[in-house]
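A short write-up of the structure that comes next.
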Amino acid sequence: KNEVEQSPQNLTAQEGEFITINCSYSVGISALHWLQQHPGGGIVSLFMLSSGKKKHGRLIATINIQEKHSSLHITASHPRDSAVYICAVRGADKLIFGTGTRLQVFP
Amino acid sequence: NAGVTQTPKFQVLKTGQSMTLQCAQDMNHEYMSWYRQDPGMGLRLIHYSVGAGITDQGEVPNGYNVSRSTTEDFPLRLLSAAPSQTSVYFCASSYSNLNTEAFFGQGTRLTVV
C-alpha cells in the first residue's frame, strides 16, 4: 500500500462545478504539499500546509492531521484548471508523492 | 528571477551513452533534489543535496551520479544509459529540507533506446 493515496485517479467536470480531490497518508508528516502539473509542463506548488485551511483564489486546501487526510477544492472550475494535481507529504527526511489526480474540465 | 532552470527539455539516448541533465537555481536555495516520474507512480527521489559539497542518495540512485560544487548548480549524470532510465526527470529546490515551498524545473523527457 502506498504511503500517500489520492482519489479519484481521474476526474472530469463541467465548467463551473465544485471539485474535490482527496489525499490520505499513512506516515507521520510535518507538512503536506499540493502541486499542479499541466500537460507537458513543469510542476508548480499550490499550497504547503501543516494544519487547518488555506485559500488562494478559487483554490482551497484543508488538512486534518488526526485523520491523516487532506482535500483540495476548486470552486467554479474552469477549463484552464485541467491538469494533474499531486499531493506530497514531508516525512522524516524527504517528500513522498502521491500518483496524482488527472482533472479535465470541459466548457 | 528565473527560478529553477532545467535543460534539456527532451533527449533521446542510445543504450550505453552518457549524458548530464543540468539544473540551476537563482534563489540561493540550499536544498536541491532530482526526481524521476514514471507512469502510475509518484515522483521518486534519485539524489539530493543539502548544500554545496554535500550530496546523498535518495530512493532510486543506481545508475546516476550528482555533484554540488556551487549553491546554484546540481547536475545529474547518467553514466551508461539503460532503457529502464526512460522517464521524465525533475529538478527541485527549496530554502531548506524542512517545511518550505518546493520549486520545480520544467522537466526533462528522456528516452533511452
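Roughly what % of DSSP beta bridges within the protein assembly as shown run antiparallel, to the nearest 5?
Within the protein assembly as shown, antiparallel bridges account for around 90 percent of the total.
Can you run phi through the Karplus equation (6.51, -1.76, 1.60; θ = phi - 60°) for the stretch A:83-88 and list ³J(HN,Hα) in whole Hz, with x for Gly and Pro?
Result, ordered by residue: 5, 9, 10, 10, 9, 9 Hz.
Under the rule of at least 5 residues apart or a separate chain, name every residue whose amide H is placed under 5 Å from the amide H of B:LEU13.
The list, which skips near neighbours in sequence, is B:THR111, B:VAL112, B:VAL113.
How do B:LYS9, A:LYS94 line up, fewest other C-beta atoms within 10 Å first?
Arranged by neighbour count, lowest to highest, B:LYS9, A:LYS94 become B:LYS9, A:LYS94.
Treating only the Cβ of Lys, Arg, Asp and Glu as charged (+1, +1, -1, -1), what charge dipole size does the protein assembly as shown show about its Cα centre? Round to the nearest 20 debye.
Magnitude of the dipole: close to 240 debye.
Please arrange A:ILE43, A:ILE19 by how many other C-beta atoms lie within 10 Å of their C-beta, fewest to most.
Sorted ascending by nearby Cβ count, the order is A:ILE19, A:ILE43.
Between B:ASN99 and A:PHE18, what FRET efficiency comes out of the Förster formula 1/(1 + (r/R0)^6) with R0 = 35 Å and r the beta carbon distance, rounded to 0.05?
So the FRET efficiency works out to roughly 0.75.
Please turn the phi angles of the stretch B:7-17 into ³J(HN,Hα) values with the Karplus equation 6.51 cos²θ - 1.76 cosθ + 1.60 (θ = phi - 60°), one per residue in order, whole Hz, x for glycine and proline.
9, x, 7, 9, 7, 10, 10, 8, 3, x, 6
Lysines near B:LYS9 by alpha-carbon distance under 17 Å, same-chain residues fewer than 8 away left out - which ones?
none
Kindly write out, for the stretch B:78-86 in residue order, the coupling ³J(HN,Hα) from the Karplus curve 6.51 cos²θ - 1.76 cosθ + 1.60 (θ = phi - 60°), rounded to whole Hz, with x marking Gly and Pro.
Working through the residues one at a time gives 9, 7, 8, 4, 10, x, 5, 8, 4 Hz.
If you stretched the chain out fully between A:GLN66 and A:SER26, how much longer would it get, using 0.36 nm times the residue separation minus the C-alpha to C-alpha distance?
Result: 13.3 nm gained on full extension.
Sequence-distant or interchain residues sharing an amide H contact under 5 Å with B:THR55, placed H: which?
none
Modelled label-to-label distance, B:THR7 and B:MET41, 7 Å Cα→beta-carbon offset: nm?
Distance between the two pseudo-spin positions: 2.9 nm.
What aspartates and glutamates sit close enough to A:LYS94 to cross-link, taking a C-alpha to C-alpha distance under 15 Å and skipping anything fewer than 8 places away on the same chain?
Result set, ordered by chain and number: A:GLU3, B:GLU30, B:ASP56, B:GLU59, B:GLU101.
Coordinate-derived values only; no laboratory data. Just so you know, these numbers come straight off a predicted model, no measurement behind them. With ideal geometry, Cβ positions are generated from the backbone for all residues, glycine too; neighbour counts draw on all protein chains shown.
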